[in-house]
Amino acid sequence: MNKIGIVMNPISEINFTKDSTLLLMHELQNQDKELFYINKDDLFFSNQTPMAMCQKVNVFMNENKWFDLQSLQKIELTSLDLILMRQDPPFDMNFINNTYVLEAAENQGLKVINKPSSLRTFNEKLSILNYPDLITDTIVTSNKTLMEEFINIHKKIVLKPLGLMGGDGIEIVTPENSSKVLKQFSVNSSEMIMMQKFIDDVYSGDRRILLINGNLPKSVVLRMPPDGDFRGNLAIGGTAKTEPLNERDIEIANFIKDDLLKQGIFIAGLDIVGGFLTEINITCPTCFRELFDQTEENLAKVFVDQLSDLDL
């Protein structure tokens with residue numbers, strides 16, 4: 001398994017100090033894999049053949065130059081041995097259509113991580129509903145009356161769009177501001193949203209557990225919200241620290257890990273707040289860098305070391 005394609009957002013725009021995909025690519029390169037960079041807009045079908053415009057790439061752990069691209073070429077995806085699908089949300093039609101191209105290649109023998117059909121059907125927020133004993137009280141609806149009822153019951157809730165990332169669109173809603181928030185929501189969208197009973201422990205941090213091939217890490221990345229916010233997402237200014245997994249972390253991770261493997265999900269990020277499971281990230285889980293920089297636990301190496309043993 002030597003020729004590896006990486007589908008991702010523009011490599012020139014990544015945050016060098018935080019990007020987990022770059023760390024994965026660097027470890028693959030360290031183990032003599034040939035890397036092919038595929039921009040998220042460059043997968044396509046030619047008649048029935050799944051293809052891509054791509055470039056061979058070398059990567060460097062250097063903030064002044066972290067990549068070097070060769071000339072653009074057109075390839076059949078099945079000429080590769082493996083593709084890592086590392087496209088960031090939003091989970092929109094571009095993302096969905098890319099999973100169709102990857103799935104067609106998978107059906108012709110290409111290995112893809114994470115599994116394209118699971119990326120398409122395993123919504124990162126809705127997936128927690130499969131584990132009702134692990135979550136706080138939750139409703140998913142586009143009905144304004146049901147939203148108002150849920151707000152009035154719990155007094156303080158968090159509103160989450162289903163297809164975004166990095167804390168985008170997430171808001172606290174109370175009976176006092178519900179009219180304004182729901183009016184704005186109804187104007188901008190008729191899509192379903194998730195509402196959850198607010199967990200006060202969120203101010204103590206959002207715990208990210210990275211599961212690699214079903215294996216638990218030694219430490220959790222604790223994402224702390226910036227002053228004046230409740231969201232710990234690093235993309236909006238949250239800060240990261242690490243600490244060993246606690247008993248509840250281990251309980252939740254062990255309960256979920258086998259389900260993920262059965263669905264071809266080999267890289268996942270579990271988010272836990274106050275002992276409750278809040279999301280299962282599978283599109284492009286992050287925090288590899290924070291874990292490595294602070295503890296020297298290199299999950300990218302764990303992943304690459306185990307590639308040949310995966311049941312793909």
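Tell me which of these ASP259 doesn't satisfy, since it passes every other one: (1) at pLDDT 95 or above; (2) crowded, with 19+ Cβ neighbours inside 10 Å. In the conditions (1) at pLDDT 95 or above; (2) crowded, with 19+ Cβ neighbours inside 10 Å, ASP259 misses (2) alone.
Restricting to the stretch 114-149, what's the tally of residues that are farther than 14 Å from ILE280 by Cα, assigned to a helix (DSSP H, G or I) and among the β-branched types (Val, Ile, Thr)? Give the derivation first.
First, the residues of the stretch 114-149 that are farther than 14 Å from ILE280 by Cα: 115-117, 133, 136-149.
Cutting the leftovers down to assigned to a helix (DSSP H, G or I) gives us 116-117, 133, 144-149.
After this cut, where a residue has to be among the β-branched types (Val, Ile, Thr) as well, the list is 145.
The total comes to 1.
The number of residues in the stretch 150-202 being modelled with pLDDT of 85 or more, in a helix (DSSP H, G or I) and surrounded by fewer than 13 Cβ atoms within 10 Å (Cβ to Cβ) comes to 3. Among the residues making up the stretch 94-152, those that are in contact (Cβ under 8 Å) with a residue 60 or more places away in the chain and of a type in the set (Lys, Arg) are LYS111, LYS115, LYS125. The stretch 13-113 holds strands (runs of 3 or more DSSP E) entirely within its bounds, and those carrying 3 or more residues that are farther than 19 Å from SER308 by Cβ map to 34-39, 43-46, 49-59, 67-76. Filtering the stretch 55-72 to residues that are loosely packed, with under 10 Cβ neighbours inside 10 Å and either within 17 Å of LEU24 (Cβ to Cβ) or in contact with a His (Cβ under 8 Å, 6 or more places away or on another chain) (or both) leaves MET61, ASN62.
The values are calculated or read from the model by the stated rules, or taken from the named source; none is laboratory data. Treat the numbers as computed from the prediction; the structure is a model and nothing was measured. Backbone-built Cβ (ideal geometry, glycine too); neighbour counts: all protein chains shown.
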